[in-house]
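*Asks:* A single structure is presented below for examination.
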Amino acid sequence: MATDAKKKTGGLLPAEPDEARNTPIRREELAVHRKPRGQIAEQFRSLRNSVHAMNPDGASHTLVMTSALRGEGKSVATLNLALALAELPGMEVLVLDCDLHGPSIEAYLGLPRRQGLTEVLGGTLPIGAAIRQTSVQGVSIMGAGALPRNPSELIGSERMRTVLNALRQRFTYVLIDTPQAMTISDASLLGAMADGILVVVRLGETPRHYVEQTINALEGLGGNILGTCLTGAAEEDTARGSGY
Ligand SMILES: Nc1ncnc2c1ncn2[C@@H]1O[C@H](COP(=O)(O)OP(=O)(O)O)[C@@H](O)[C@H]1O
Ligand SMILES: [Mg+2]
């Protein structure tokens, strides 16, 4: 039976309802959970406070997390920011894996890949069935699902906008993890649909003109850049959010 279901869905099964809830977070990089008294956790709380302060009326916000290059720490930063937001009372945060080129949110949480965004966009999976509550109260995820042949087309579709609006109704924050913005247009497309963009920059590694080029591209398509999230240098310098 499992193989029949797999054949129909390009290799992925639907998520089990309690799988994510019952899986503890173990990765060291997810510092807000693993080292909650540490400096990195504190810096993500400070970024959280800046983001939340820009949202004084408490209206729901969709936030794109991107960076110029691959490997700058977007996915880890997205999860750490979600964990920090969820520490505030009454917060419901969704991490949406919109990196349909190289999804990693499930892997960082120690979860197997399941049906997710691709199936929702394809109309074969209801939104509710793709949302998975994690072991941390207030943090849910929607994985990428099967890798589509036409990621940018799906990400730029009217259906994507509809899905984001539906998720905005259900969550206080929707954090959108994306591929690197220099070579793939998906983050710019999503940035134009979302309320704000945070640009992740690996300190001391990403050339400044790459960052500038990325910000120009994001703004050129109508994106609202809220600030940057610095990662990856010596511990005392990481994950410092800068404002406008
Ligand atoms: N705060 C951090 N502390 C330690 N390692 C990190 C941190 N952020 C990212 N990394 C490491 O950097 C690499 C890339 O991170 P990732 O978030 O997957 O990048 P991206 O999503 O931008 O491609 C991974 O090996 C990850 O473990
Ligand atoms: Mg990533």
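*Asks:* Within the set of pairs 6+ apart or on separate chains, which have a first residue in the stretch 86-107 that is free of Cβ contacts under 8 Å to residues at least 12 places away in the same chain, a second that is within 9 Å of ligand 2 (Cβ to nearest atom) and open to solvent by less than 30 Å² (accessible area, probe 1.4 Å), and C-beta atoms under 9 Å apart?
*Replies:* The qualifying pairs are Ala107/Ser75.
*Asks:* Right, something else. Give the residues of the stretch 72-107 that are under 17 Å from Ala144 (Cβ atoms) and charged (D, E, K, R), sorted by residue number.
*Replies:* Looking only at the stretch 72-107, we keep the residues that are under 17 Å from Ala144 (Cβ atoms), and these are 74-76, 78-79, 82, 94-107.
Result: Lys74, Asp97, Asp99, Glu106.
*Asks:* Would you point out which residue out of Arg27, Arg21, Arg113 is under 24 Å from Gly232 (Cα atoms) and among the basic types (Lys, Arg)? Even if it seems obvious, please write down each step before you answer.
*Replies:* Details: Arg21 fails: under 24 Å from Gly232 (Cα atoms); Arg113 fails: under 24 Å from Gly232 (Cα atoms).
On inspection, the qualifying residue turns out to be Arg27.
*Asks:* Among the numbered criteria (1) touching a Lys or Arg at 6+ places or on another chain (Cβ under 9 Å); (2) surrounded by fewer than 16 Cβ atoms within 10 Å (Cβ to Cβ), which one does Tyr108 miss?
*Replies:* Evaluating Tyr108 over (1) touching a Lys or Arg at 6+ places or on another chain (Cβ under 9 Å); (2) surrounded by fewer than 16 Cβ atoms within 10 Å (Cβ to Cβ) leaves (2) as the failure.
*Asks:* I'd like to check something: does the stretch 39-61 contain any residue that is within 15 Å of ligand 1 (Cβ to nearest atom) and free of Cβ contacts under 8 Å to residues at least 24 places away in the same chain?
*Replies:* yes
*Asks:* Which members of the stretch 158-181 meet the condition of being open to solvent by 20 Å² or more (accessible area, probe 1.4 Å), in a loop (DSSP other than H, G, I, E, B) and under 20 Å from Leu218 (Cβ atoms)?
*Replies:* Result: Gln180, single match.
*Asks:* Could you give me the residue pairs with C-beta distances under 6 Å whose first residue belongs to the stretch 175-194 and is touching a residue at least 60 places away in the same chain (Cβ under 8 Å), whose second residue is away from ligand 2 (no atom under 12 Å from the Cβ) and of a type in the set (S, T, N, Q) wherever it lies, and which are 6+ apart or on separate chains?
*Replies:* From the stretch 175-194, the pairs are Ala181/Thr214; Met182/Thr214; Asp186/Ser152; Ala194/Thr62.
*Asks:* Can I ask one more? Checking the conditions here, which among Pro148, Pro179 is touching a His at 6+ places or on another chain (Cβ under 7 Å) and either modelled with pLDDT of 95 or more or more than 26 Å from Pro56 (Cβ to Cβ) (or both)? Even if it seems obvious, please write down each step before you answer.
*Replies:* On the way: Pro148 fails: touching a His at 6+ places or on another chain (Cβ under 7 Å).
Only one candidate passes the filter, namely Pro179.
*Asks:* Name every residue in the stretch 41-88 that is open to solvent by 50 Å² or more (accessible area, probe 1.4 Å) and either of a type in the set (Phe, Trp, Tyr) or modelled with pLDDT of 95 or more (or both), in order of residue number.
*Replies:* Within the stretch 41-88, Glu42, Ser46, Asn49, Leu69, Arg70, Gly71, Glu87 qualify.
*Asks:* Ok, one more. Hey, any hits in the stretch 102-111 for a residue that's away from ligand 1 (no atom under 14 Å from the Cβ) and under 19 Å from Leu167 (Cα atoms)?
*Replies:* As a first pass, look at the stretch 102-111 and keep what is away from ligand 1 (no atom under 14 Å from the Cβ): 111.
Narrowing further to those that are under 19 Å from Leu167 (Cα atoms): none.
The answer is no, given that none of the residues of the stretch 102-111 is away from ligand 1 (no atom under 14 Å from the Cβ) and under 19 Å from Leu167 (Cα atoms).
*Asks:* Which of the residues that make up the stretch 134-157 are open to solvent by 40 Å² or more (accessible area, probe 1.4 Å) and in contact with a Lys or Arg (Cβ under 8 Å, 6 or more places away or on another chain)?
*Replies:* The answer is Ser135, and nothing else.
The values are calculated or read from the model by the stated rules, or taken from the named source; none is laboratory data. Just so it is clear, the structure is predicted and the values come from calculations on it, not from any experiment. Reconstructed Cβ throughout: ideal geometry from the backbone, glycine too, with neighbour counts over all protein chains shown. The area values use the complete protein model at the heavy-atom level, side chains included, leaving out ligands, DNA and RNA. Shrake-Rupley method; radii C 1.70, N 1.55, O 1.52, S 1.80 Å.
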